[in-house]
Each structure stands twice: as C-alpha cells, then as structure tokens.
Amino acid sequence: MNEFVIPEIVALSGGLAARHYPLGRARILQNSFSQLLSRHIGGLQSGARFETGALLVTGPSGAGKSKEIGDLLGRFNASDTRLPSGEKASFACCVLSSKGGWKDLGKHTLRALGYPIHDKARRTQTEIWNLVVDQAKRKGCIGIHYDEAQHGIAETQRVIDFAAHHGVAATYEMITPEQIGEACEKVVNKQARYRYVIDMTQA
C-alpha cells in the first residue's frame, strides 16, 4: 500500500475517465461536422473542383474539447459512412507538437494514417506531403483532426511572434455556436467578408 495513493479515488477516477458525458455543445459540434461532411460528399458527387474545408474548435484548456471531438470521430469511424465511390470514409487523428516544422508534421500525419515512416527517413517535405495525400486517398480518409493546435509549429510561431511584434493582426468575426449554420451559408454563397472564429465559451 502506498501512503500517497488513495485506492478509492483511483478506482473512481479511472471509471469516470473511461466514460463520455456529452454536453449540449456536442450537438452543435456534430451539426457543424455533418454540414461540412455533407457539402464535401455533395461536391464529390458533382465532380466539381475539389475544395477543402476546415472546422476550428477553440476554448479554454481542460474544457473537454478533445474528448468531445474524439467521441464524435470515434462514432464516425465506427459508422458505415460511404463516399460516392462506395469506399468507407474515415478520419485520422494527429497530436501536434511544438517541435519540428512542416516536414515533421507530415511524418506525424503519415503515422496517424498508419504509414510507417522513420524519423530519419530521407524524403523531402514535398515527397512526405505527397505521401500523405496518397495514403489518405488509399484509406478513404477524408479528414485529419489535429489536436493540441495551440502548440502549432515552431516556424508558424515565429511568424505569429513577428506579426504580434509589428501589430499585424487578422480581421475576423467572432460568432457563437448557434450562428455556425448562418456563417456556413455566407461562406458557401461567397458573402463572408472575414474569417469566422467560434466562441466555444458561449456553448
């Protein structure tokens, strides 16, 4: 018996950590995800030029964002969602690190896609990201969830620091989760004047 460990709390914490208690914001997250996915599938069916999309989820550290997204993507990957080609659609998950640059991020992404690549692999940045695209297509992977985005990439952080030092800032419009649908409509109809940032503290 360890004098610093309370077995009852260990057992309770372990049990709670394995469970998922969805908050009201989970419905908003799923609705936003479903809209983005549906537009993508519609675009694939039409044969139109491919356009990528992104869903940015922000909020205070420790607020449960990763767990909500993890649960959503786990359910999606377990579902039988099919692409127009008949191939099963999936999402990969990759945890960002503040170490390294775009080449390292590409390697982490390849591993998330199940492709074994060694840290010392002698491939160019372009070759690595071409491999990412190739592996994603082969596996029916239509998206990648990058967690711990606050760490970003060292190169990106230097640009952000430079911009902050010189007072260069992006123009954006802060919206609540309830306004996501309206914002998506504006983006689709090319009526959005600025980038949208979702304030998850309002969820």
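When Gln35, Gln125 are checked against the criterion of being out of contact with any Ser or Thr (no Cβ under 8 Å at 6 or more places or on another chain), farther than 25 Å from Ile198 by Cα and not hydrophobic (A, V, I, L, M, F, W, C), a single residue qualifies: Gln125.
Just for the range 139-163: of the residues that are more than 24 Å from Ser34 (Cβ to Cβ) and at pLDDT 85 or above, which one is surrounded by the fewest Cβ atoms within 10 Å (Cβ to Cβ)? Per the stated criteria, the residue is Phe162. For the range 181-191, state whether one or more residues are surrounded by fewer than 14 Cβ atoms within 10 Å (Cβ to Cβ), outside any loop (DSSP other than H, G, I, E, B) and touching an Asp or Glu at 6+ places or on another chain (Cβ under 7 Å). Among the residues of the range 181-191, not one is surrounded by fewer than 14 Cβ atoms within 10 Å (Cβ to Cβ), outside any loop (DSSP other than H, G, I, E, B) and touching an Asp or Glu at 6+ places or on another chain (Cβ under 7 Å), which makes the answer no. The residue list Leu73, Leu110, Leu105 contains one member that is surrounded by 11 or more Cβ atoms within 10 Å (Cβ to Cβ), part of a helix (DSSP H, G or I) and in contact (Cβ under 8 Å) with a residue 60 or more places away in the chain, which is Leu73.
Of these, Leu36, Leu55, which one is among the aliphatic types (A, V, I, L, M), modelled with pLDDT of 80 or more and under 21 Å from Tyr146 (Cα atoms)? Reasoning before the result, please.
Numbers: Leu55 fails: modelled with pLDDT of 80 or more.
When all the criteria are applied, what remains is Leu36.
Scanning the range 116-138 turns up one or more residues that are surrounded by 10 or more Cβ atoms within 10 Å (Cβ to Cβ), basic (Lys, Arg) and within 25 Å of Ser85 (Cβ to Cβ).
Screening the candidates Ser85, Ser98, Ser90 for the property of being closer than 23 Å to Ser38 by Cβ, small (Gly, Ala, Ser) and modelled with pLDDT under 90 yields one hit, Ser85.
The values are calculated or read from the model by the stated rules, or taken from the named source; none is laboratory data. This one's a predicted model, so the numbers in the text were calculated from it and none came from an experiment. Every residue, glycine among them, receives a Cβ derived from its backbone with ideal geometry; neighbour counts consider all protein chains shown.
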